[in-house]
Amino acid sequence: MAGRMGLLLLWVCLFRGVVGGVVGGLFNVLEEDELSSTVETITHFPEVEDGECVFPFHYKNGTYYDCIKSKSRHKWCSLNETYEGYWKYCSAEDFASCVFPFWYRRLIYWDCTDHGEAFGKKWCSLTKNFNKDRIWKYCE
């Protein structure tokens, strides 16, 4: 029993050294300024219920043309072109709208199409040039 407890204690000490940062020994912890430079911080404010979604918006390393479900139970959108902490949960009228006309392959479409869709579901582009942007959604 004492041997197992000793192994557990040794493992915890080694784990603490790896997580804390091994700079000069097992128990060195990263200084606060070293830690802040390694973690990306984004300020998140409470939901702004009466705000207007902005599309496209930039969040972390992506550009989004519709409401997203990132680290959330419900889809949300940014209220700024580049996310600055202001956001809201999306309602039915917030989701991105189809853009008509749009160019797909060699044709211009003025309505949703099932052209190029393997399952026959109608879709539309969220930008004027699908060939260039490749941003789309299924039509309701």
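Report the full-extension gain for the segment Ser70 to Ala118: residue separation times 0.36 nm, less the Cα-Cα distance, to one decimal in nm.
Answer, rounded to one decimal: 14.5 nm.
For segment 85-92, backbone phi angles converted through the Karplus equation (6.51, -1.76, 1.60; θ = phi - 60°) give residue-by-residue couplings of x, 9, 8, 7, 6, 7, 9, 4 Hz, Gly and Pro being listed as x.
Using 23 Å as the Cα-Cα cut-off, could you pick out the over-long pairs in Lys60/Lys122; Lys69/Lys128; Lys71/Lys128; Lys69/Lys137; Lys60/Lys128? Long pairs (Cα-Cα over 23 Å): Lys60/Lys122; Lys69/Lys128; Lys71/Lys128; Lys60/Lys128. Once the Cα-Cα distance is subtracted from the 0.36 nm per residue extended length, the Glu93 to Asn80 segment shows a gain of 2.9 nm.
The simple Förster model, with R0 at 35 Å and r as the Cβ-Cβ distance, assigns Phe100 and His44 a FRET efficiency of 0.50.
No value in this document is a laboratory result; all are computed from the given coordinates. Keep in mind that what you see is a predicted model, and the values were worked out from it rather than measured. So basically every Cβ, Gly included, is an ideal-geometry build from the backbone, and we count neighbours across all protein chains shown.
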